[in-house]
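A.B. asks: Dumping the structure here so I can ask a few things about it.
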Amino acid sequence: MTYKDVYDAWKSDPEGFWMEQAGAIAWDEKPSKALFDENAPNYEWFADAKVNTCYNAVDRHVEQGRGEQAAIIYDSPITGTKRQISYVELRNRVASLAGALRAKGVEKGDRVIIYMPMIPEALEAMLACARLGAIHSVVFGGFAANELAVRIDDAKPKAIIAASCGLEPNRVVHYKPLLDGAIELSDHKPDFCVIFQREQEVAELIEGRDYNWHGFQYGVEPAECVPVEGNHPAYILYTSGTTGQPKGVVRHTAGHLVALNWTMKNIYNVDPGDVFWAASDVGWIVGHSYICYGPLIHGNTTVVFEGKPVGTPDAGTFWRMIQEYNIRVLFTAPTAFRAIKREDPKGEYVKKYDLSSLKALYLAGERADPDTIIWAQDQLGVPVYDHWWQTETGWTIAGNPAGIEALPVKIGSPTVAMPGYDIQILDDAGHPVKDGELGAIAVKLPLPPGTLPTLWNANDRFHKSYLNNFPGYYETGDAGMKDDDGYLYIMARTDDVINVAGHRLSTGAMEEVLASHPDVAECAVIGVSDQLKGQLPLGFLCLNAGCTRDHRDVVAEVVKLVRDQIGPVAAFKLATVVDRLPKTRSGKILRGTMVKIADNEEFKMPATIDDPAILDEIREALLPLGYGK
Ligand code: COA
Ligand code: AMP
């Protein structure tokens, strides 16, 4: 079968295609059909089935003879720990944790927030929720208490599972005070918290609310897997939108199982038993789909790596991992390779290791720049596949289906549409443009299994954000084009989302924080180009009339404010004070033009600009920050 055969087979009979893929999943009750369109455009997949995610990801592999195979390899160069957990151990550990959660009242449909670093217990917590049909929401450790509080108020969790601390190369991240702070800030309060005490920091527990991860499980009955409906939410993952209120992407159980399982062979070309490493973090979608669920559902060995591509201890860490664990596929964000390349441009570390197990490198999360792709190809001697997707879709929209047919790589393109996705490039009026022309990238509805059916508590926002602009389509928020071979090119976001070191962030959310500073009258945050992180946020501040404070103090305060309110992951360190912001005559801030000035790219003077002279002031303000040159 070629890619074209498979894509055409899907296109001519989408329901038949997905029903066939559903055959790989162990159902408690099989679905009667694939697509449920009664509430279109809110589509659902395999809604009337009964199934359990944890059973498919863990128990069935034990029953089918993979019990002794490593399910999880944990390697933490930060703490010097290495550990492997077999499928049978994983089942026992997850069943015990689920039993303890159940004994404290967690049931199907209850929400549980997980706030943990890259340790196997984070995956165990996710799987324990799935075992009970509880809906987890993992919050990335780089977010501050306020961001956690926003998620607590939206998801209203019965319980929160956290670790005492996370470890960054240069510091201990004190999770427990962040958690306590978040619970204090939030209106909703969880019934209880479970704290995994790490050796590096033992946190103080609050009597009656906090339980120790180990003591809490003592003497409880292990829990069996609870079958849930196919359209029961498996999890909520919050992602950045245009405002400070993140979007709670909902993932339904059955479609998630079917789609992720399909991707493991067809996109990543791994067989059960192969070691698959997604070097990301469980707090992001890559972590959900490809550190936790995808590899485990498919019977692979997954890798939990607590470290960085450089500095833990050096730029050879990734190669050491590949050699030591026979890693077949590595999946990471281009920024990780830019970091390695910067430290080791000649690949001296690459030569020290045997990388013969590695069959391919997959990149996603941000634009893969040609230099990085070529460097990776040269150094590793394996295919480098860029692929494009989002938190909302949970798996590849456009990629190279290497397990079906490895298509020629065109550098700069994540390749072609995957089955399930009918990708169209639309003009402002919603009409498809010609090949080679730029437009909004949209996907014809229905989206395939495993993608978002709605936003948590916000179906209207779901429609407004994704469906209303182009009726009959899902609007991806990315702009790009297709060439006449059907290869897709992703050029830019159409909204205020930026991508910093593969982390999706909202400039709108940062503007809300800047605007809360008492001396700031008006502000704008833009994403400027950065050699390492792809983009960096940069803030412009207009101060209140009469404010005579030293600008450096105000800048330092807003930098701290963003770190405290959103978190270190925002990487907000650049800001400057200006007298005024460039606007259109109707008052819209010309952020796009400011980005072009900062990146020193050519731009057309906006016809509607109120006062062109402001653009010179903007360039002047950028020069001391190293931009606009
Ligand atoms: N918990 C707490 N803080 C965290 C964190 C976490 N899980 N992850 C990052 N941070 C902090 C960092 O310590 C840093 O803090 P600092 O300002 O005190 O230095 C800040 O957030 C910014 O982090 P980051 O943008 O990641 O920069 P970095 O300099 O620490 O690392 C890279 C740069 C490129 C090495 C790193 O981003 C990386 O490995 N990226 C891989 C890509 C990836 O995982 N993408 C996820 C989606 S696929
Ligand atoms: P996230 O939801 O965090 O995965 O971020 C999704 C967004 O990241 C997409 O909408 C794109 O803007 C960007 N993105 C992800 N993968 C790629 C890629 N391969 N090429 C270009 N941009 C990408």
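The values are calculated or read from the model by the stated rules, or taken from the named source; none is laboratory data. Small disclaimer: the values here were computed from a predicted structure and weren't measured. Quick reminder, even Gly has a Cβ in these numbers, built from the backbone with ideal geometry, and neighbours come from all protein chains shown. To get the accessible areas, we keep the full protein, side chains included, count just its heavy atoms, and leave off ligands, DNA and RNA. Shrake-Rupley method; radii C 1.70, N 1.55, O 1.52, S 1.80 Å.
A.B. asks: Students often forget the sequence filter, so: which lysines lie under 20 Å Cα-Cα from residue 629 once same-chain residues fewer than 8 apart are removed?
C.D. replies: Within the straight-line cut-off, residue 629 pairs with 533, 573, 596, 604.
A.B. asks: While we're here: Excluding same-chain residues fewer than 8 positions from residue 11, which lysines have a Cα within less than 26 Å of its Cα?
C.D. replies: Candidates past the 8-residue exclusion: 30, 33, 265, 410, 434, 444, 482.
A.B. asks: Right, next: Once the convex hull of the alpha carbons of segment 344-409 is built, what does its volume come to per residue, in cubic angstrom? Don't skip to the answer; put the middle values down first.
C.D. replies: On the way: hull volume 7.3 nm³, N = 66.
Each residue corresponds to 110 Å³ of Cα convex hull volume.
A.B. asks: So if I place +1 on the C-beta of Lys and Arg and -1 on the C-beta of Asp and Glu, and nothing else carries charge, what would the dipole magnitude of the chain be about its Cα centre? I want it in debye, nearest 20.
C.D. replies: Details: 61 positive and 84 negative charges, 136 e Å.
For this selection, approximately 660 debye.
A.B. asks: Among residues other than residue 115 whose Cβ falls under 10 Å from its Cβ, what is the net charge (Lys/Arg +1, Asp/Glu -1)? Mind dumping the intermediate values first?
C.D. replies: Working: positive: 151, 176; negative: none.
Within the 10 Å Cβ shell, the charges total +2.
A.B. asks: Compute the label zone of residue 204 within segment 151-176: residues whose backbone N is under 15 Å from the point 7 Å along Cα-to-Cβ.
C.D. replies: Label zone hits: 175-176.
A.B. asks: How much of the accessible area of the chain, probe 1.4 Å, is carbon plus sulfur, in whole percent? Don't skip to the end; give the middle numbers.
C.D. replies: On the way: 11580 of 24060 Å².
That share works out to 48 percent.
A.B. asks: Separate question: What is segment 1-133's relative contact order, in percent, from Cα pairs under 8 angstrom and six or more apart in sequence?
C.D. replies: Values: 144 pairs, mean separation 23.9, N = 133.
It comes to 18 percent, rounded to a whole number.
A.B. asks: Let me ask something else about it. For a 31 Å ceiling on Cα separation, which of these pairs sit above it: 4/352; 82/247; 247/583? Don't jump to the answer; show the numbers that get you there.
C.D. replies: Working: 4/352 40 Å; 82/247 36 Å; 247/583 28 Å.
Going by Cα-Cα distance, 4/352; 82/247 fall outside the 31 Å limit.
A.B. asks: Just round it to a whole percent: the fraction of Cα-Cα distances in segment 371-513 exceeding 25 Å.
C.D. replies: Values: 3202 of 10153 pairs.
The calculated P(r) of segment 371-513 puts 32 percent of pairs beyond 25 Å.
A.B. asks: Quick check on segment 59-170: take the gyration tensor over C-alpha atoms, sort the square-rooted eigenvalues as a ≥ b ≥ c, and tell me if it's rounded (a/c under 1.5), prolate or oblate. Don't skip to the end; give the middle numbers.
C.D. replies: Values: a/c = 2.71, a/b = 1.16, b/c = 2.34.
Oblate is the answer for segment 59-170, as a/c is 1.5 or above yet b/c matches or exceeds a/b.
A.B. asks: May I pose another question? May I ask which residue of 408, 472, 450 lies farthest towards the positive end of the charge dipole of segment 397-478, with charges of +1 (Lys, Arg) and -1 (Asp, Glu) on Cβ and the Cα centre as origin?
C.D. replies: So the residue we want is 450.
A.B. asks: Under a no-solvent Debye model with one identical scatterer per Cα of segment 143-276, what's log10 I(q)/I(0) at q = 0.18, 0.19 Å⁻¹?
C.D. replies: The Debye formula, applied to the Cα set alone, gives -1.19, -1.21.
A.B. asks: Also: Project the alpha carbons of the chain onto their principal axes and report the range along each, largest first, in whole Å.
C.D. replies: Principal axes ranked by extent give 71, 61, 57 Å for the Cα atoms.
A.B. asks: I would also like to ask the following. Please list log₁₀ I(q)/I(0) at q = 0.18 Å⁻¹ for segment 249-391, using the Debye equation with identical point scatterers on the alpha-carbon positions.
C.D. replies: -1.03
A.B. asks: Over 23 Å apart: what share of the alpha carbon pairs of segment 305-457 falls there, rounded to a whole percent? Present the calculation step by step, with values, prior to reporting the outcome.
C.D. replies: Details: 5278 of 11628 pairs.
That tail contains 45 percent of the Cα-Cα pairs.
A.B. asks: May I ask you to derive the relative contact order of the chain, considering only C-alpha pairs under 8 Å and at least 6 residues apart, and to give it as an integer percent? Present the calculation step by step, with values, prior to reporting the outcome.
C.D. replies: On the way: 1376 pairs, mean separation 74.9, N = 629.
Here the relative contact order equals 12 percent.
A.B. asks: Return the Rg/Rh ratio of segment 561-629 with Cα-based radii and a Kirkwood Rh.
C.D. replies: On the way: Rg = 13.5 Å, Rh = 13.2 Å.
When Rh is taken as the Kirkwood radius, the ratio is 1.02.
A.B. asks: Please name whichever of 72, 3, 334 sits farthest to the positive end of the charge dipole of the chain, dipole taken about the Cα centre and charges placed at Cβ: Lys and Arg +1, Asp and Glu -1.
C.D. replies: 72
A.B. asks: Pick out, from 605, 586, 518, the residue whose Cα sits farthest towards the positive end of the charge dipole of segment 509-629, with +1 on the Cβ of Lys and Arg and -1 on the Cβ of Asp and Glu.
C.D. replies: Of the candidates, 605 comes out farthest on the positive side.
A.B. asks: Out of every Cα-Cα pair in segment 178-252, what percent are more than 19 Å apart?
C.D. replies: Numbers: 1705 of 2775 pairs.
Within segment 178-252, distances greater than 19 Å cover 61 percent of Cα pairs.
A.B. asks: Normalised by the number of residues in segment 361-441, what is the relative contact order in percent for Cα pairs under 8 Å and 6+ residues apart? Please list the in-between numbers first.
C.D. replies: On the way: 100 pairs, mean separation 17.0, N = 81.
Relative contact order for segment 361-441 comes out at 21 percent.
A.B. asks: Per residue of the chain, what 222 nm ellipticity follows from adding -39500 (n - 2.57) for every DSSP H run with n ≥ 4, rounded to the nearest 500? Walk me through the numbers on the way to the answer.
C.D. replies: Values: 16 runs with 165 residues, N = 629.
Counting only the DSSP helices, I get -8000 deg cm²/dmol.
A.B. asks: For the chain, report the accessible area per residue in Å² (1.4 Å probe, heavy atoms, rounded to an integer). Show your work: numbers first, answer last.
C.D. replies: Numbers: 24060 Å² over 629 residues.
Here the residues of the chain average 38 Å² of exposed surface.
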